[in-house]
Amino acid sequence: MNKSIKVLVISDYNTIHTSRPEAEIYIGLAKLGIDITIMANSNSPYIKRFEEAGITTINYHLQKKFSKKSVKFIRQTLIKGNYDILHLYTSKAIVNGIRAARNLPVKVVLYRGVPDNVFWYDPTSYLKYLNPRVDKIVCNAKAVEKFFHKQLFFRKDKTITINKGHDVEWYSSTVPIERNELNLSDDDFVVVFVGNNRPMKGVPYLLKAFDHLSVDLPIHLLIAGDNMRNKINDKILDNSPNKERIHFIGFRDDILPIVAASDVLVLSSIKRESITRAVFEAMSLKVPAIITNISSNREFADDKKETVVVVPIKDEKAIADAILDLYHNPEKRKTIAENGYNHIVTKLNNRQTVEQMKKLYEELVLEKK
């Protein structure tokens, strides 16, 4: 193509840690010659990185889903910039952006991370993902794409799966935290969970799993995340024979060093969510992961299931057995860790994500002609 493709991206990049997989896509695309403009809050720590990469930034913070002011601003930006593609990530960006693109010659692309809460019989879905103005939906996992295909009257060619891949080099400088800072010893076997207090995370099943572990074993559980102490979790903890080995450590800015210092990461999710960043991070740090068989996270497993350990949903005994298996088999831990790391490098990497997004943009621009 002679003319550089012009893309306007509207999203939030509030922290380096959480924003990196998405933000690095556009830095990569800019290096490949795609003309990227990003509309986001100027307080974002990624703004400097974007500008260093030659990306134009527009300081604008979307405060409401339905805002005439925001629609007008986005529309004026689209007209002035003569963009080929409008890529919308957040709910506020999607609702306002679709309205702003009305009758303009721009391709509208949406991002979707979870296979839930979009239904053909729900009128609000037609304000976003099922709106006929939408040209493409980029799904973060195959399970999300399959979910859309189950919606009546939905055109299957509107979806494509492009994972938000990671780069193991992002984690190469991570230094494991000293265990004594967590009141643990080098002889302890450390299981870590990273997440937030949402029912879908299945934390009660992880806590109950420790009821099945002998009190004589030096196996400790770290629960990292906000607001994890509640009536349900506290009741399980109070009745646990291993309650002295279960530690709620809250939200931590140093979570990567904590994961790096752990022996195993466990994801105990019980229903639909996005392909999980915490598992990406553990695998990139060569920490073996135990995950439940939720649809979005199956992409972490290879055909032989040697990249992660997969257990059934809502099965605390299966979680306990998987923890014990890895505790008693250090060679298996090492194998899972190495295979998981290589799976990120070869199958779920940022480079492939950038290339797939570039191809998608090129195909959408050709459709315009």
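Just so you know, all these numbers are worked out from the coordinates, no wet-lab data involved. This is a predicted model, so every value here is computed, not measured. Virtual Cβ from ideal backbone geometry, glycine too; neighbours counted across all protein chains shown.
A dipole drawn for segment 169-347 from +1 and -1 charges on Cβ atoms has a positive end, and of V215, S274, H247 the residue lying farthest that way is S274.
Taking the number of other C-beta atoms within 10 Å as the exposure measure, put D253, D321 in order starting with the fewest. All intermediate terms of the calculation are to be shown ahead of the outcome.
On the way: D253 8, D321 17.
Fewest-to-most Cβ neighbours within 10 Å comes out as D253, D321.
Proximity of backbone amide H atoms, modeled 1.01 Å from N, is registered between D167 and N350 at under 5 Å, excluding neighbours fewer than 5 places apart on the same chain. When N counts the residues of the chain, how does its alpha-carbon radius of gyration compare numerically with 2.2 N^0.38 Å, as a ratio? Normalised Rg, Cα atoms only: 1.06.
Using +1 on the beta carbon of Lys and Arg, -1 on that of Asp and Glu, and nothing else charged, what's the dipole of segment 169-347 about the Cα centre, debye to 20? Write out the running numbers ahead of the final one.
Details: 23 positive and 27 negative charges, 157 e Å.
Using Cβ point charges on Lys, Arg, Asp and Glu, segment 169-347 gives about 760 debye.
Rounded to the nearest whole Hz, the Karplus-based 3J(HN,Hα) values (6.51 cos²θ - 1.76 cosθ + 1.60, θ = phi - 60°) of segment 252-269 follow the sequence 10, 6, 9, 5, 5, x, 5, 4, 4, 8, 8, 8, 8, 9, 10, 10, 9, 4, with x at glycine and proline.
Projecting label points 7 angstrom from Cα along Cα→Cβ for D186 and E338 puts them 2.3 nm apart. Of the GluC sites (Glu not before Pro) found in segment 93-185, those in coil by DSSP whose Cβ has at most 15 other Cβ atoms within 10 Å are E178.
Filter the chain for me: DSSP H helices, axial length by Cα at least 15 angstrom, mean Kyte-Doolittle hydropathy not below 1.6. List them by residue number.
Values: long enough: 16-31 (21 Å, -0.16); 68-81 (19 Å, -0.41); 316-328 (18 Å, 0.24); 330-347 (25 Å, -1.28); 350-368 (28 Å, -1.11).
What comes out of the filter, once short or polar helices are dropped, is none.
Over what distance in Å are the Cα centres of segment 92-117 and segment 31-70 separated? That distance is 16 Å. Taken over the C-alpha atoms, segment 98-234 has Rg and Dmax values of 21.9, 68 angstrom. Inter-label distance, K65 to F119: 1.5 nm, where each label sits 7 Å from its Cα along the C-beta direction. For segment 240-245, backbone phi angles converted through the Karplus equation (6.51, -1.76, 1.60; θ = phi - 60°) give residue-by-residue couplings of 7, x, 10, 4, 6, 9 Hz, Gly and Pro being listed as x.
Would you mind putting 284-295, 59-70 in packing order, based on average other-beta-carbon counts within 10 Å, highest first? List each step's numbers first, then the result.
On the way: 284-295: 22.3, 59-70: 14.1.
With the highest mean Cβ count within 10 Å placed first, the list reads 284-295, 59-70.
How large is the helix-only mean residue ellipticity at 222 nm for the chain, computed as the sum of -39500 (n - 2.57) over DSSP H runs with n ≥ 4, divided by its residue count, in deg cm²/dmol to the nearest 500? Mind dumping the intermediate values first?
Numbers: 12 runs with 133 residues, N = 369.
So the helix-based figure for the chain works out to -11000 deg cm²/dmol.
Compactness of segment 169-347 is given as radius of gyration and Dmax, 14.9, 44 Å, from Cα positions.
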